[in-house]
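Presented below is the structure to which this report refers.
Derivation of every value follows stated rules applied to the coordinates shown; laboratory data play no part. These numbers were taken from a predicted model, which means no experiment stands behind them. Positions of Cβ are generated from backbone atoms using ideal geometry, with glycine treated the same way; all protein chains shown enter the neighbour counts.
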Amino acid sequence: MTLRGLVHRYPGLGGFCLGPLDVDGPDDRPWLVLGPSGSGKSTLLRLLGGALRPGRGRIAGVQPGKDAAYLPQLPERALAGRNLAEDLCGELRPPAPRRTRLRGALAAVGLEGLPLSRRSRDLSAGERRRVALALLVLAGYPNWGLDEPDAALDRPGTDRLLELLARPAAGGRLWIATHRFELYAPLRPWCLVLDRGKVVASGELAEILQIKGVRNVLDLSRRAPFVLWNAVRSRMPETPLPDLLSAPPPESARVAQVKAYLMDTTGVY
Amino acid sequence: MVGGAVGERGTSAPVLSLEAVTAGPPDPLAPDVVREVTLSLGPGQTGVLLGANGSGKTTLLRTAAGLWPLRAGSLRTPAGDRFSPTAVGLVLEDPDTQFVAGTVRGEIVFVLENLGWEPGPLARRLQEVLAAFDLEPLAGRDPRSLSGGEQERALLAAALAPEPPLLLLDDPFLHLGPGAGLMVWRRLRGLAAEGRAGAILLTTHDPELALEADRVGVLAEGRLLAWGEPDTVLRALPGSLAQPVALVLEERLRAAGWRLPAGGLDPEALAGRIAEEARR
């Protein structure tokens, strides 16, 4: 899976420009696309999923729009049918799929047994998000670009989503744009960090978080575990303590314990 | 960090007051979504509502804004009993559908012109809110072409522009990310404390934002389980809600045998308590 000289520029004066991107990433692990709001995460996912065509450059390893699809932010907003069957058939060309296929797609996203007569607005937010994923299953795209799939979900909804993404229903590749990288650490993702349309870094989560530029771009110093660690550190002036993510600890066993517990919450083990 | 000294302001007449409010969608046949909710916010106060998906947060905000009918109880807002954008600033969860103009600047100008602002004050106010949300570089862009987080900032600016005495914000930092969302929240709290953003009620899934509020509420299945000081309410969160990192840390240290002195959950207070115990 490679991106070569990939560029997309939105029309209009001052329109956002993504790229040029040159990226070689693994095929067998999910990609986490990280970066601040407006850095180009959604644009990259749209290009990979065929929702946008690149202005220049190419994508090798997947065929955007043919075997790869893009699911936008809060995709369940588009579910407005009178029932789930209508929602699931909505984007497909006729003939409408058989009901067993619709049920199969729901089962693939962990919604087995949910009646097709239910209205999506009567489902929980987590269930609605998974119905949106079932649309990708039905349309037959194995490779998915998911734009902030964790947004606006409560804890049970997030937990179920992560179980599903650990073994994706379509068995293909996953690209996930997110601000909450810590959630996806159990998926052992490969990370790509964007800022203002350019790649800042790529690699393992634990490694890229060591890079100062990445930490600035991701605003780590303002995230709770880092704020807390810096506050603890500043209270211990007599022993110079390293930063939360750096190895190995010369600090006392007790402070090391605080650090270990805080590290857990960052998703870096 | 802002906030803290709001006790005195809290004693003046509330800007937002709900008494035993029961509400639901406009369809009278639809079941009640929130039941007997009582809460209030004074001038300049900020409140955060936490709750699982479907717990009634959005319904409560829509009802408080006057968009959805009250089924029982009483509601007092600066708008009286109907929706009024001068009295209540509102940001709902669906940014794409809330834009009316072709540029971010036009969006804010549209709001102010409709409310009869004169050109001079309008231009000054426009600059102020663009600056408050770092929107100057995006002012000429079509709001629909912005990223999710940029759209959220544009909507906040448009809601705040007419200086409403009450702001109701439904999960407005979803796409900003935790760091940037917290910065915008602090800015809003700063403006509220200076009397320039009225009172603010915010719904969110991010418990870190709730640590920085004057009041925190927890909704579960339409009922308000708690409404009070952040430290008190956050320590009694139901298990289905995410906890702030400070609370996770405090609980894990206590479980590991640390005898942390009692105290606050804000970073400085917690770090102080940890340092005290670590030196023993």
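Structure values in brief
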read-out: When region B:214-280 is reduced to its Cα atoms, the Kirkwood hydrodynamic radius in Å; value: 13.0
read-out: Rounded to the nearest 20 debye, dipole of region B:160-280 from Cβ charges on Lys, Arg, Asp, Glu; value: 340
read-out: Mean shadow area of region A:1-40, taken as a quarter of the surface of its Cα convex hull (nm²); value: 3.4
read-out: Share of pairwise Cα separations in region A:44-190, more than 20 Å, in percent; value: 46
read-out: Binned Cα-Cα distance frequencies in chain A - 5 Å width, integer %; value: 1, 6, 12, 15, 16, 14, 12, 10, 7, 4, 2, 1, 0, 0, 0
read-out: Paramagnetic reach from residue B:262 in region B:212-235 [backbone N under 19 Å; point 7 Å along Cα→Cβ]; value: B:228-235
read-out: Alpha-carbon radius of gyration plus Dmax, which is the widest Cα pair, for region B:163-216 in Å; value: 10.5, 27
read-out: Peptide B:267-275 - average C-beta neighbours from other chains (10 Å radius); value: 6
read-out: Listed residues B:88, B:218, B:33, most fluctuating in chain B (Gaussian network, C-alpha, under 10 Å); value: B:33
read-out: Percentage of interatomic Cα-Cα distances in region A:129-242 larger than 19 Å; value: 56
read-out: Principal axis dimensions, largest first and in whole angstrom, of region B:79-189 by Cα; value: 35, 33, 25
read-out: Partner lysines for residue A:212 [C-alpha distance under 24 Å; skip if fewer than 8 residues away on the same chain]; value: A:41, A:198, A:259
read-out: Ranking of B:109, A:258 by count of other Cβ atoms within 10 Å, fewest first; value: B:109, A:258
read-out: Descending principal axes extents, region A:89-166, alpha-carbon based, whole Å; value: 37, 28, 18
read-out: Between region A:184-244 and region B:207-227, the alpha-carbon center distance in angstrom; value: 29
read-out: Kyte-Doolittle at least 1.0, axis length at least 24 Å by Cα - qualifying DSSP helices, chain A; value: none
read-out: Proportion of all alpha-carbon pairs of region B:161-280 beyond 23 Å (%); value: 38
read-out: P(r), alpha carbons of the protein assembly as shown - 10 Å bins starting at zero, rounded %; value: 3, 17, 26, 28, 19, 7, 1, 0
read-out: Value in Å of the Kirkwood radius, where chain B supplies the Cα pairs that are averaged; value: 19.7
read-out: Convex hull per residue volume in Å³, alpha carbons only, for region A:1-117; value: 153
